[in-house]
Amino acid sequence: MGKSKIREYHAKRLIKSFAPELFDVPENQQALVTKDTNWDTLAEQNPWMKEMPLVVKPDMMFGQRGQHGLVLLKADIAKAKEFVGQWFAPGKTVDIHGVSGEITHFLIEPFVPHEREFYFSLVANREATQLNFSACGGVSVEDSWHVAMNTIDIAVGDTLEDEGPKKAIEKALEDVNEDFRLASVKYMTTMFTAFEELDFLTLETNPFTFVQRGDGEWRPLALDMVAEVDDTAKFKNRKAWEDLEFPDVFGRRSTPEERFIEEMDEKTGASLKLTLLNPLGSIWNLVAGGGASVIFADTVADLGCGELLKNLGCCKRCTIVDFADTFHCAGQLWRVQ
């Protein structure tokens with residue numbers, strides 16, 4: 001199992017393709033913007049951006065964007081362009097939880113007026129999937145986590161319709177309005193199915209809300225989403241995942257050599273991994289076998305030599321000689337000090 005964070009843009013498109021009923025807006029009412037975006041072309045391809053208020057937020061796979069002043073609400077396209085442009089200025093960085101980095105991608109969506117905000121997440125653990133639900137979602141959810149959060153464990157192989165999880169969900173929704181209660185059950189059930197079928201490892205919607213349709217029915221709508229998938233299931237989900245990307249986490253950019261090994265990994269039945277820790281280090285880590293590279297690195301650190309560790313590297317289902325040859329092909333990575 002390998003955890004890979006994905007952008008909110010892709011997570012929402014993935015969920016919508018599986019369960020269109022969870023999104024009360026057309027699929028194309030999303031735009032991913034970079035510094036190379038041509039705004040005239042963007043507006044032409046997305047006419048809705050000129051017709052409704054917009055939400056603009058970084059799509060960099062970190063949370064608490066509102067608390068860091070990185071979300072623009074009820075903006076027109078001109079204000080959205082101005083807001084995004086300031087963050088694309090050369091050398092512009094932001095500090096998030098002690099990690100400094102550039103914002104390279106913004107997500108633009110329609111602004112959805114709403115009154116209630118709910119929290120929902122799923123986390124895959126070894127023996128169960130943990131479901132978290134709170135009727136007090138939004139930016140301050142962590143402040144009331146121990147008071148308002150309902151946590152339910154769904155054993156591997158069970159569903160939300162099994163007796164144990166079903167009763168726990170009913171209890172969690174006791175104080176929720178009846179219309180929202182029914183919609184919440186449908187939302188959680190559908191999201192859990194998508195979570196299992198599409199090989200998510202974490203899936204958080206904070207907040208999600210409800211939009212009332214013309215027929216009076218309340219429909220769930222995920223406003224913000226954070227997700228991780230099991231990247232080893234890529235072969236299984238080739239059609240469902242389509243163009244799913246696994247970008248570098250915020251604050252880190254892969255070196256050309258790391259990307260080379262990554263591309264090699266995608267083209268072989270073996271497993272090849274390389275992460276540069278310290279280009280000036282003198283201890284190389286080229287280990288075969290599952291988990292061996294981590295044990296080796298931990299041992300080096302325990303012996304007080306962690307700062308000398310140049311890299312994390314592992315190979316599975318190929319020989320050390322093959323792996324070393326692959327490193328050599330990457331351009332004789334970082335001359336050994």
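The values are calculated or read from the model by the stated rules, or taken from the named source; none is laboratory data. These numbers were taken from a predicted model, which means no experiment stands behind them. Here the Cβ positions follow ideal geometry from the backbone for every residue, glycine too, while neighbour counts run over all protein chains shown. We work out accessible area using only protein heavy atoms, side chains counted, and drop any ligands, DNA or RNA first. Shrake-Rupley method; radii C 1.70, N 1.55, O 1.52, S 1.80 Å.
The table below gives the values:
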{"item": "Computed FRET value (nearest 0.05) for Thr299 with His68, which takes r as the C-beta separation and R₀ as 35 Å", "result": "0.40"}
{"item": "CD proxy at 222 nm, helix term only [per DSSP H run n ≥ 4: -39500 (n - 2.57); per residue of the chain; nearest 500]", "result": "-8500 deg cm²/dmol"}
{"item": "Gain on full stretching of the segment that runs from Gln29 to Thr159 - 0.36 nm per residue minus C-alpha separation", "result": "43.6 nm"}
{"item": "Rough spin-label spacing in nm, given labels placed 7 Å along Cα→Cβ, for Ala89 and Thr232", "result": "4.6 nm"}
{"item": "Correct option for Cα extents along the principal axes in Å [calculated from the coordinates] among [x] 65, 49, 46; [y] 68, 53, 38; [z] 114, 85, 55", "result": "[y]"}
{"item": "Members of Lys12/Lys239; Lys57/Lys310; Lys5/Lys57; Lys12/Lys74; Lys5/Lys267 lying beyond 28 Å, as alpha-carbon distances in this model show", "result": "Lys57/Lys310"}
{"item": "Most to least packed among 238-244, 75-81 [average Cβ atoms within 10 Å]", "result": "75-81, 238-244"}
{"item": "Carbon plus sulfur fraction of accessible area for the chain, probe 1.4 Å, in percent", "result": "50 percent"}
{"item": "Solvent-accessible surface ranking, highest first, for Phe260, Phe235 at 1.4 angstrom", "result": "Phe235, Phe260"}
{"item": "For the chain: relative contact order, % (alpha-carbon pairs under 8 angstrom, 6 or more apart)", "result": "18 percent"}
{"item": "Vicinal HN-Hα couplings computed from phi for the range 169-178 (Karplus, 6.51 cos²θ - 1.76 cosθ + 1.60; Hz; Gly/Pro x)", "result": "5, 4, 5, 5, 9, 4, 9, 9, 3, 4"}
{"item": "Nearest-ten-degree value, helix 320-329 long axis tilted from longest Cα axis of the chain", "result": "80 degrees"}
{"item": "Average accessible area per residue (Å²) across the chain - probe 1.4 Å, nucleic acids and ligands excluded", "result": "54 Å²"}
{"item": "Solvent-accessible surface (1.4 angstrom probe) belonging to Val294, in square angstrom, nearest 10", "result": "80 Å²"}
{"item": "Cα-based reach from Lys167 at 19 Å (exclusive), listing lysines while leaving out same-chain residues under 8 positions away", "result": "Lys186"}
{"item": "Using alpha-carbon coordinates, inclination of helix 77-87 to the longest axis of the chain, degrees", "result": "30 degrees"}
{"item": "Simple label model, 7 Å out from Cα along Cβ direction - Thr275 to Glu197, nm", "result": "3.3 nm"}
